[in-house]
């Protein structure tokens, strides 16, 4: 039997009228990256904050590395680390001071704390910025010092709450490299993200969360397969043609086509490819110009659409 | 170009892996050690943001000069005669007034996310708060010394001497540390630094002005005398005056210490209860 790092039953957190986390059951095995995927306000961060003992559940149970998050919170704290929007470093202090502070709090004394801080600054490429105040760091450097602060002692389980939100592609790749290095070292990483490609790139297993509930679970390929083996992507040149194209395709292929946040795009799961050529000819006959017409594996975006009936990005404003 | 980037990435991940492996976890530090470490953090912040000392330097000087020269002539005939009465009181007032910054500083920490980092660490739970209040005690000490120096400069000659003044300041610091727990509790239940400052100012106003800091309560109407009488700040001021004037202090020292213990017991407990699950 595989050892579980996180085990929950009916875990619930309520804020006023909102059930931020609404009875989630999870069993996450040790090793690798577990992705927590969902739009803003889905409950990802609330769940992570409960696992890291920052807030207490209103109902249900959770065990992290075998310890109850309420009754044995201190044991949990000694084995996990948290980095993210909500667990950060002191902006007024320098990078080195921040790491020395955390090192001292873990019991390193004087010179040992400084040594440990310098070791981490070196490993994360922050030597040059060591004595600068963190508020003067770039987004990527800021994220690296946040992660370094979580690794002063090696955690068995690391929570990363939206580690790449707001980063440019280069900085994002650096964070991805760091996560891969951690996993190779044997740390289990639990990652929340609203970026589908990030979960696709990093996560061995993914839990899709929406409105505080887990709506799907599995590997990236399993999730894609659950939507259907193939997907049809159509993008019209002019957005006013979209509805016409939708009608023609629905007639020719006998399927319902979904829309995404892209006003020119249509998408549908497609098991039977036999009518595709005919459908394409019908579109041409109706003088609908196409930017794209392709068959392929569904993306996680489409998985989310299929699971929730709306695109993943839709709720960003609402949060 | 892309190979260099790949090599860089390889080197970086190797460095991170080795930084993870090289560490041996030290023994868990004591409650005192972590509290002192947080106090050290507060002092580091003063180094980086020296404006933080504005409230403990300029404010006490302003208070002392303003109240001595504003009321001195009217109340005691001349500022020089008034200073003997008001010096211990204005010291108490200056220190207690700036304790309310503790609350808004804590709220800023919570909002910036630093606080969650601290709460996620395996340390004695109250240590971030205790350390913060210890750091503040250093700021209060600066305020006390500055107030005392200003008073001395304009003619205050306390009969208690250095020892008496030091004992008085020590008592004020104990009370200020204890009062700080009200503000830590407020910052865990209110959402913005502004709201905390508002409630704190509202609370401090009757405590500081409805007391014997500025005038002898015997001239006040009965209802106000009754309030001044039960106000713990009046007891503190009486005790500090006695210590600084070299008079053997009465029961007020014990009463002030009892109030301090009570504040820590009540608001310390409330703070730690909210600390488990703040908003």
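Mind pulling the per residue volume of the convex hull built on the Cα atoms of chain B? Å³ is fine. Intermediate results must be reported in sequence, preceding the final value.
Working: hull volume 49.2 nm³, N = 279.
Expressed per residue, the convex hull around the Cα atoms of chain B is 176 Å³.
Quickly rank B:226-232, A:52-58, A:179-185 as a protection proxy: mean count of other C-beta atoms within 10 Å, highest first. Could the numbers behind the result be given before it?
Working: B:226-232: 15.7, A:52-58: 21.3, A:179-185: 19.1.
Top of the packing list down: A:52-58, A:179-185, B:226-232.
Sort the following peptides by mean Cβ neighbour count (other Cβ atoms within 10 Å, averaged over residues), highest first: B:21-30, B:61-70.
On the way: B:21-30: 13.1, B:61-70: 17.0.
Top of the packing list down: B:61-70, B:21-30.
What distance in nm lies between label points placed 7 Å from Cα along the C-beta direction at residue A:131 and residue B:223?
Computed distance between label sites residue A:131 and residue B:223 equals 6.3 nm.
Quantify how strongly other chains surround peptide B:41-49 by giving the mean number of their Cβ atoms within 10 Å of each of its Cβ atoms.
The shielding value for this peptide is 4.
Using r as the Cβ-Cβ distance of residue A:72 and residue B:30, and R0 as 25 Å, what FRET efficiency do you calculate, to the nearest 0.05?
Values: r = 21 Å, r/R0 = 0.84.
After rounding, the FRET efficiency stands at 0.75.
Using the per-residue mean of other Cβ atoms lying within 10 Å as a proxy for protection, in what order, highest first, do the peptides B:236-244, B:264-272 fall?
Order by mean packing, descending: B:236-244, B:264-272.
What does the extension gain come out to for residue B:154 and residue B:48, with contour length at 0.36 nm per residue minus their alpha carbon separation?
34.9 nm
Can you sort B:211, A:88 by how many other beta carbons sit within 10 Å, fewest first? Mind dumping the intermediate values first?
Details: B:211 25, A:88 22.
Sorted ascending by nearby Cβ count, the order is A:88, B:211.
What does the average come to when, for each residue of peptide A:45-51, you count the partner chain Cβ atoms lying within 10 Å of its Cβ? Kindly include the intermediate steps, with their values, before the conclusion.
Details: counts 0, 0, 0, 0, 4, 1, 0.
Whole-number average of other-chain Cβ neighbours for A:45-51 is 1.
Stretch residue B:17-residue B:272 to full length: gain in nm at 0.36 nm per residue minus the Cα-Cα span?
Numbers: separation 255, 0.36 × 255 = 91.80 nm, distance 3.73 nm.
Between residue B:17 and residue B:272, full extension yields 88.1 nm more.
Got a sec? How would A:78, A:221 order by Cβ neighbour count within 10 Å, fewest to most?
On the way: A:78 19, A:221 10.
The fewest-first ordering by Cβ neighbours comes to A:221, A:78.
What spacing in nm lies between the two simple spin-label points modelled at residue A:240 and residue B:57, each 7 Å away from Cα in the Cβ direction?
6.9
Apply the a/c threshold of 1.5 to the C-alpha gyration tensor of the protein assembly as shown and tell me whether it is rounded, prolate or oblate. If you can, show how the numbers build up before the last one.
Numbers: a/c = 2.79, a/b = 2.26, b/c = 1.23.
Prolate.
With an 8 Å cut-off on Cα pairs and a minimum separation of 6 or more residues, tell me the relative contact order of the range B:29-275 in percent.
Values: 311 pairs, mean separation 65.6, N = 247.
The value is 27 percent.
Would you work out if the range A:229-297 is rounded, prolate or oblate? Take a ≥ b ≥ c from the square roots of the eigenvalues of the alpha-carbon gyration tensor; rounded if a/c is under 1.5, else prolate when a/b is larger than b/c, oblate otherwise. Before the final figure, lay out the partial values.
Working: a/c = 1.65, a/b = 1.18, b/c = 1.40.
It comes out oblate by the Cα gyration axes.
P(r) for the range A:270-309, please, calculated from all Cα pair distances in 10 Å bins and given in %.
Values per bin, smallest distances first: 23, 41, 33, 4.
Please order B:32, A:283 by the number of other Cβ within 10 Å, starting at the fewest.
Values: B:32 11, A:283 21.
Fewest to most other Cβ atoms nearby, the residues stand as B:32, A:283.
Along the Cα→Cβ direction, 7 angstrom out, place labels at residue B:7 and residue A:138. What is the inter-label distance in nm?
It is 2.1 nm.
Evaluate the Kirkwood expression for the hydrodynamic radius of the range A:119-277, namely the inverse of the mean inverse distance over all pairs of different C-alpha atoms, and round to one decimal in Å.
Working: mean 1/r = 0.0523 Å⁻¹.
For the range A:119-277, inverting the mean 1/r across all distinct Cα pairs yields 19.1 Å.
For chain A, just the Cα atoms, rotate onto the principal axes and tell me the three extents in Å, largest first.
The Cα atoms of chain A stretch 78, 45, 39 Å along their principal axes.
Between the helical axis of B:79-98 and the dominant principal axis of chain B, each derived from Cα atoms, what acute angle in degrees is found, rounded to the nearest 10?
Approximately 30 degrees, to the nearest ten.
Counting partner chain Cβ atoms within 10 Å of every residue's Cβ in A:79-85, what's the average?
Working: counts 1, 2, 3, 5, 3, 3, 2.
Per residue, the average neighbour count from other chains is 3.
Angle check, please: helix B:127-153 long axis (alpha carbons) against the longest principal axis of chain B (alpha carbons), in degrees 0 to 90, nearest 10.
Compared with the principal axis, the helix lies near 40 degrees.
Of all beta bridges DSSP finds with both residues in the range A:4-224, what is the antiparallel percent, to the nearest 5? Intermediate values should be presented prior to the final figure.
Numbers: 23 of 42 bridges.
Roughly 55 percent of the DSSP beta bridges within the range A:4-224 come out antiparallel.
Relative contact order for the range B:70-183: what is it in percent, counting Cα pairs under 8 Å that are at least 6 residues apart? Walk me through the numbers on the way to the answer.
Working: 69 pairs, mean separation 47.3, N = 114.
Averaging sequence separation for qualifying contacts and normalising by length gives 41 percent for the range B:70-183.
So how tilted is helix B:232-244 from the main axis of chain B? Cα-based, degrees 0 to 90, rounded to 10.
In chain B, helix B:232-244 runs at an angle near 80 degrees to the longest axis.
Only the coordinates and a few stated rules stand behind these numbers; no lab work does. Owing to the predicted nature of the structure, the values given are computational and were not obtained by experimental measurement. Note: ideal-geometry Cβ built from the backbone for every residue, glycine included; neighbour counts use all protein chains shown.
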